[in-house]
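This report concerns only the one structure given below.
The values are calculated or read from the model by the stated rules, or taken from the named source; none is laboratory data. On a predicted model such as this, the values are computed, not experimentally measured, just so you know. Because the Cβ atoms are built from the backbone with ideal geometry, glycine has one as well, and the counts that use them run over all protein chains shown. These accessible areas exclude ligands, DNA and RNA; they are computed on the full protein's heavy atoms, side chains included. Shrake-Rupley method; radii C 1.70, N 1.55, O 1.52, S 1.80 Å.
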Amino acid sequence: MLYVVQTALELGFMYALVAMALFLSYRILDIADMTTDSGFVLGAAVSVTCAAAGHPVLAVFAAMAAAACAGYVTAFLQTRMGVPSILAGIITNTGLYTVNLMVMGWSSNVSLLKQDTMFTLFRDLGIGGGFYKMILAGGITMFAGAALVWFLGTRLGLSIRATGDNEEMVRSSSINADLTRTAGVMLANALVALSGALLCQQQRYADLNCGSSMLVMGLASVIIGRALFGNRGIVGGLLSAVGGSLLYRVIIQAAYKIDMPSYGVKLLSTIIVVCALALPLLKRRAGQKGGAV
């Protein structure tokens, strides 16, 4: 049981970065960014390639920069070409398949078994014992969350939040809404890539299909967190997203522990999302019935 919880927390902290990214794009900017799946793979592909070359720390920043560029393409299609947000994400998502394959040297998977990673370097410092992976993943996620909270309190960050609330008002205030939307999408994709970069170094390999269903997982974490922990402000929203990610991974790891097949886990993920979506409605109906009594 302890191993299940430990593994769930390790993965939960890393996947929480995806939940934070979707909180930014979906909850704050109010757009559906379909770039998430391939952006996650792009982060893993760039990270594993740089780590294999002997630069595991630089690999993380390179992965974030690459995914930010992918986010720029998606935002460019939205703001300059007039492409709807969902379709823009699908277009970028499709194109990134070839880009990811090229970054990985035209191989569908790349191994890091003989190379150092951020996790092995951290382990060699002798910090955390058997919990070193969880400590490093949790520390990076919390730092990224704190940095995001700080950024959203800056002038540009406040403009991004205002763009999501009322874009027409932002434009009437002489604020470049296209710039704020682009910055928000780029930042969200950078967070997704950070998640992919950490996961591939933790697992010591990257696969071309490792981003499958990542959008669903991220949305599930955001929705679960909001339904169970609430969504009060930026800090509360991010903490809810992280909490939702941790809870989601605990459930999924428990499913794997009882030898549930992969197709069964996908169905379980769908049921979790549906239940999380329905929970606010059920709460409102329960409150209405209580008031009627």
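Just add up the charged neighbours of residue 204: K/R +1, D/E -1, any other residue whose Cβ is under 11 Å from the Cβ of residue 204.
Every neighbour counted, the sum reads 0.
Rounded to whole Hz and in sequence order, give me ³J(HN,Hα) for region 245-257 from the Karplus expression 6.51 cos²θ - 1.76 cosθ + 1.60, θ = phi - 60°, writing x for Gly and Pro.
Coupling constants for region 245-257: 5, 5, 5, 4, 5, 4, 5, 5, 5, 5, 5, 5, 5 Hz.
Taking the alpha carbon gyration tensor of the chain, what are the square roots of 5 times its eigenvalues, largest first, to the nearest whole Å?
The three semi-axes for the chain are 29, 26, 18 Å.
Could you give the length gained on full extension between residue 158 and residue 284, defined as 0.36 nm per residue of separation minus the Cα-Cα distance, in nm?
Value of the extension gain: 42.3 nm.
Could you compute the net charge surrounding residue 83? Neighbours are other residues with a C-beta less than 15 Å from the C-beta of residue 83; K and R count +1, D and E count -1.
0
Taking the Cα-to-Cβ direction at residue 97 and at residue 267 and moving 7 Å from each Cα, how far apart do the two end points lie in nm?
Distance between label points: 2.7 nm.
Can you spot the aspartates and glutamates whose alpha carbon is less than 19 Å from residue 133's alpha carbon? Ignore those fewer than 8 places along the same chain.
The qualifying aspartates and glutamates are 10, 116, 124.
Which whole-number value in Å² is the accessible area per residue of region 136-293, probe 1.4 Å?
It amounts to 50 Å² per residue over region 136-293.
Mind giving me the nanometre distance, one decimal, between the label points for residue 257 and residue 212, set 7 Å out from Cα along Cα→Cβ?
Using points 7 Å along Cα→Cβ, the separation is 2.5 nm.
Using the Cα gyration tensor of region 1-131, with a ≥ b ≥ c the square roots of its eigenvalues, what is the shape: rounded (a/c below 1.5), prolate (a/b larger than b/c) or oblate (neither)?
oblate
Quick one: 3J(HN,Hα) in Hz for region 69-82, Karplus 6.51/-1.76/1.60 with θ = phi - 60°, rounded, Gly and Pro as x.
Couplings: 5, 5, x, 4, 4, 4, 5, 4, 4, 6, 7, 9, 9, x Hz.
Can you list residues whose amide H is under 5 Å from residue 205's amide H, if they're 5+ apart or on another chain and H is modeled 1.01 Å from N?
Residues meeting the criterion, in which the H sits 1.01 Å from N, are 112.
Given the convex hull of the Cα atoms of region 66-150, what is a quarter of its surface area in nm²?
Answer in nm², one decimal: 8.4.
On the protein heavy atoms, probe 1.4 angstrom, tell me the percent of accessible surface of the chain carried by carbon and sulfur.
The computed percentage sits at 66.
Averaging sequence separations of C-alpha pairs under 8 Å and six or more residues apart, then dividing by the length of the chain, give the relative contact order as a whole percent.
34
If you take the beta carbon distance between residue 80 and residue 131 as r and set R0 to 51 Å, what does 1/(1 + (r/R0)^6) give as a FRET efficiency, to the nearest 0.05?
Computed FRET efficiency for residue 80 and residue 131 comes out at 0.60.
May I ask for the net charge around residue 265, where only other residues with Cβ less than 13 Å from the Cβ of residue 265 are counted and Lys, Arg are +1 while Asp, Glu are -1?
Once positives and negatives cancel, what remains is +2.
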